[in-house]
Amino acid sequence: MAVSALSRAMRAITLTGGCKQVSSQGLLCSRVVAESSRAPAASLLPSFNSAVSQWRGLLTTVCLEQNKTYWKVRDKYTIRPIGMKKTGGRDWTGKVRTHGIGGGHKQRHRIIDFQRLRYEPGNEPQPFEERIVEVRYDPCRSADIALVAGGNRKRWIIATENMEVGDLIKTSGVIGRMAVSAKEGDAHPLGALPVGTLINNLELFPGKGAKAIRAAGTSGVLLRKVSGTAIVQLPSKHQIQVSETCVATVGRVSNIDHNKRIIGKAGRNRWLGIRPSSGLWQRKGGWAGRKIRPLPPMKSYVNLPSVSAQT
Amino acid sequence: MLKTPVHRCSAITTGLKHLCVSNESGSCLLMLRSGRHGNRLLSTSSSVCGKALPRKKPREVVEISGLENISYAERMHFVPGLAKPIFSVWKPDFKDPFHYKSPKPEEMALYKDKSCYVFHQRTSLMEGVKQTLWLTKSKLIKGIPAQIMALADDPACQIENQDERVQNAIKHARFWDTTETRPPRERFCPTLLNSLLHLCGLQQFKHPALGERLLSRDYSLAASWHRGEDLIQVRGKNGMLLNSKSPLPAMADQEEVLSTADSFLETFYPIAPTIDLQNINVYDVKTDTGFREDYAYPHAHTLFFTHLKDGFLEQLRAKMVMFAFGNALARARALYGPEPQVLEKPVVLQSVATNGRLFQFVVFQLNTTDLTTDNGVKNLVWMEEQPLYDFAKVRPLIKKKVVQVPAGLAGYHPDTFKKFLAFYLHGAV
């Protein structure tokens, strides 16, 4: 009697879950069914009762859904640090995708605003200044971060080498005829900077936020400016061509002695969340060792009109 | 026993192929394989060991206005070829508080296009007192007005055995109030404040006018004013308010008030003075003292705050000034009307805040309710900070076998309580 009641309850669960009928197909993973008829993820949380997980082979656990990074979902920007859930190198299926990640000190994520040229809602699109309120260590990256305040808002940005509390930094999107005398920490479009300046936090596409040169102590060099595009040398000596309206910050990224640090012991690596590598001897397949080869051709992130389009 | 799951699995593999793509089957069979009870599926075919490929994005459904969507909604079951029906959201016609979804801000009754900046109990101003001076159009004077200092030094106003009784109160709050080693700040700070207020209140036999006072707490204040183009509001519960039947006399005379017109308000470019205030579009413009109009004690006398965080004293002082201003503005509007004007009889409000050891004294004199422009007569703020005692340690601080700070109460400052008492007696002596 309890069994029949349970079976009735099981059928009820599958019906209300919005899944298709399972009776004809016997063994069916409810997770697959849930995914195929998927609405926003939130409606299918929390998971079904796992106490009846192996009932007639009907797997009702949706525990793998919990491997999704739901803590990252946040639409409003905030300077408050957010609690992170560590993945241990596992992906949404639960298997290890990247080895050597796991453990380490607890970290809180501070949302960094990589789009430096972001005007305050309600303000006109004009160059603006901000004041540095605090420069601090960020556990989630090698560089230090700075809390800057301007107008009515505060945000976190990647700090440059000599940023001090109380400095004023300028952000502008204007490209004038004359090159601007670049002050460290200011952000200008590449077209406004003189050739040869050290830059960091470079945008690859205008307005999409800084993607390149964000690590501690790195800096790129503005090599030349050619007809609406600018050519930059990245820290890996690769050269790229980007639109001259892409905004970059002037100077080197903070924490310049990051590459000179000595870990000292295995424990410190474990504190950083780096697990030991496999001890298995693996025959070198040509991947190890120093390679000396010519630079790859310059990558262009600008869609220049091709010859065929003109004809 | 073993065979059954394998057969079923093979059936499913074929069955599932038309349900979902092959990369899906890999992941689902992976789940079946390593479940809670171990490996149930012993097959080692490639479909089971496959890597979980990333999911493909679902086909984008294009909506063409004017074209009617023929869906299988009427048939009540899936029909291949017909569109998936999109049902409208069901709105229940009954009220269920556990499943209540609040409307969007734009749909709320009090939504306004122009936003407003609100200061409340939880606000922590970045620039501290400088910001409040701009927001309340005030001028800061360090120190306490001479009238209250005279009261503090007057020996006739002292309590008998004052120092001993205050030290007892401190020891009670800091050491004796709990069976544990030391009470936390959330406990000793309000206990100390209540003990000191009780001590002051006992003087009613000497000064009968003290009977015309009433201490109230948990009242909600509302005050709103325009500062340039921005609307700024002070809302919420403040702290304990000592009400009295008679108003406090003005601290600064007319000449000093008029001379404040020459002082300028400090701005801190590039930061706006409204930073850290909650910017909100759903608000009600109202000025409310928190008490009814026929309340027997209409004049606010002193605001008491307890600060239960360690540090953040600048933000505490800013909070004191803002709430003192809010209360004063609400009372002034109730007395003299909502028109912005320079007050002939300034409204004076005192404020005392403590974190258990340090006492912040603030006297706020509201001279004008004309706050739209930056020039003109300004309001006045007197401010002072003093410790009541230096250390109240449970265990002595010993460095290199030398006692630096002894256990118990150390470094008692009698002036602080004299000022506290003067603040209390002011207006009734």
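Only the coordinates and a few stated rules stand behind these numbers; no lab work does. This one's a predicted model, so the numbers in the text were calculated from it and none came from an experiment. FYI the Cβ positions are ideal-geometry reconstructions off the backbone, even for glycines, and counts take in every protein chain you see.
Taking the Cβ of each residue in B:Val285, B:Val352 as the centre, tally the other Cβ atoms inside 10 Å and list the residues starting with the fewest. Please report the intermediate quantities before stating the final value.
Working: B:Val285 13, B:Val352 24.
The most exposed by this proxy come first: B:Val285, B:Val352.
Would you list the membrane-span-like helices of chain B, meaning whole DSSP H runs whose alpha-carbon atoms span at least 15 Å along their axis and whose mean Kyte-Doolittle value is at least -1.0? All intermediate terms of the calculation are to be shown ahead of the outcome.
Numbers: long enough: B:3-17 (21 Å, -0.24); B:22-33 (16 Å, 0.12); B:185-201 (23 Å, 0.24); B:313-336 (34 Å, 0.42); B:414-425 (17 Å, 0.24).
Length and hydropathy pass: B:3-17, B:22-33, B:185-201, B:313-336, B:414-425.
Roughly how crowded by other chains is peptide A:128-139, in terms of the mean Cβ count from those chains within 10 Å of each of its Cβ atoms?
Details: counts 1, 3, 2, 5, 0, 2, 0, 0, 0, 0, 0, 0.
Mean number of neighbouring Cβ atoms from other chains: 1.
Past 25 Å, Cα to Cα, is the threshold; run A:Lys154/B:Lys139; A:Lys106/A:Lys237; B:Lys112/B:Lys286 against it and keep the listed order. List each step's numbers first, then the result.
Working: A:Lys154/B:Lys139 27 Å; A:Lys106/A:Lys237 35 Å; B:Lys112/B:Lys286 14 Å.
Beyond 25 Å between Cα atoms: A:Lys154/B:Lys139; A:Lys106/A:Lys237.
Could you work out, residue by residue across A:144-155, how many beta carbons of other chains sit within 10 Å of that residue's beta carbon, and then give the average as an integer?
Taking the mean over all residues of the peptide, I get 3.
Evaluate Rg over Rh across the protein assembly as shown, taking Cα atoms for both radii and Kirkwood's formula for Rh. Walk me through the numbers on the way to the answer.
Working: Rg = 34.7 Å, Rh = 32.9 Å.
That ratio equals 1.05.
Given the peptides A:152-160, A:286-294, A:187-195, arrange them by the average over their residues of other C-beta atoms within 10 Å, most packed first. Write out the running numbers ahead of the final one.
Values: A:152-160: 23.0, A:286-294: 5.9, A:187-195: 21.2.
Top to bottom by mean Cβ count within 10 Å: A:152-160, A:187-195, A:286-294.
Setting aside same-chain residues fewer than 8 positions from B:Lys171, which lysines have a Cα under 30 Å from its Cα?
B:Lys206, B:Lys237, B:Lys309, B:Lys319, B:Lys393, B:Lys399, B:Lys400, B:Lys401, B:Lys418, B:Lys419
Loop only by DSSP, 12 or fewer other Cβ within 10 Å of the Cβ. Give me the GluC sites (Glu not before Pro) in segment A:102-140 that pass, ordered by residue number. Spell out each step's value before the answer.
Working: sites: A:Glu129, A:Glu130, A:Glu134; in loops: none.
Filter output for segment A:102-140: empty list.
What distance in nm lies between label points placed 7 Å from Cα along the C-beta direction at B:Ala156 and A:Phe114?
Once both label points are built, they end up 7.5 nm from each other.
With a point put 7 Å past each Cα toward its Cβ, work out how far B:Ala109 is from A:Arg90 in nm, to one decimal.
Placing both labels 7 Å beyond Cα along the Cβ direction yields 5.0 nm.
Under the definition of partner shielding as Cβ atoms of other protein chains within 10 Å of a residue Cβ, what is the mean value for peptide B:263-275? Could the numbers behind the result be given before it?
Numbers: counts 0, 0, 0, 0, 0, 2, 4, 11, 11, 6, 1, 2, 6.
Other-chain Cβ atoms within 10 Å of each residue's Cβ, averaged: 3.
Give the span of chain B's Cα atoms along each principal axis, as three whole-Å numbers ordered largest to smallest.
Largest first, chain B extends 100, 70, 45 Å along its Cα principal axes.
Are there any chymotrypsin sites (Phe, Trp or Tyr not before Pro) in segment B:223-331 that are in a DSSP loop and have at most 16 other Cβ atoms within 10 Å? List them by number. Don't skip to the answer; put the middle values down first.
Working: sites: B:Trp225, B:Phe264, B:Phe268, B:Tyr283, B:Phe291, B:Tyr295, B:Phe304, B:Phe305, B:Phe312, B:Phe323, B:Phe325; in loops: B:Phe264, B:Phe268, B:Tyr283, B:Phe291, B:Tyr295, B:Phe312.
Passing sites in segment B:223-331 are B:Phe264, B:Phe268, B:Tyr295, B:Phe312.
Would you please report the Å³ per residue occupied by the convex hull of the alpha carbon atoms in segment B:94-176?
Working: hull volume 26.2 nm³, N = 83.
For segment B:94-176, the hull spanned by Cα atoms encloses 316 Å³ per residue.
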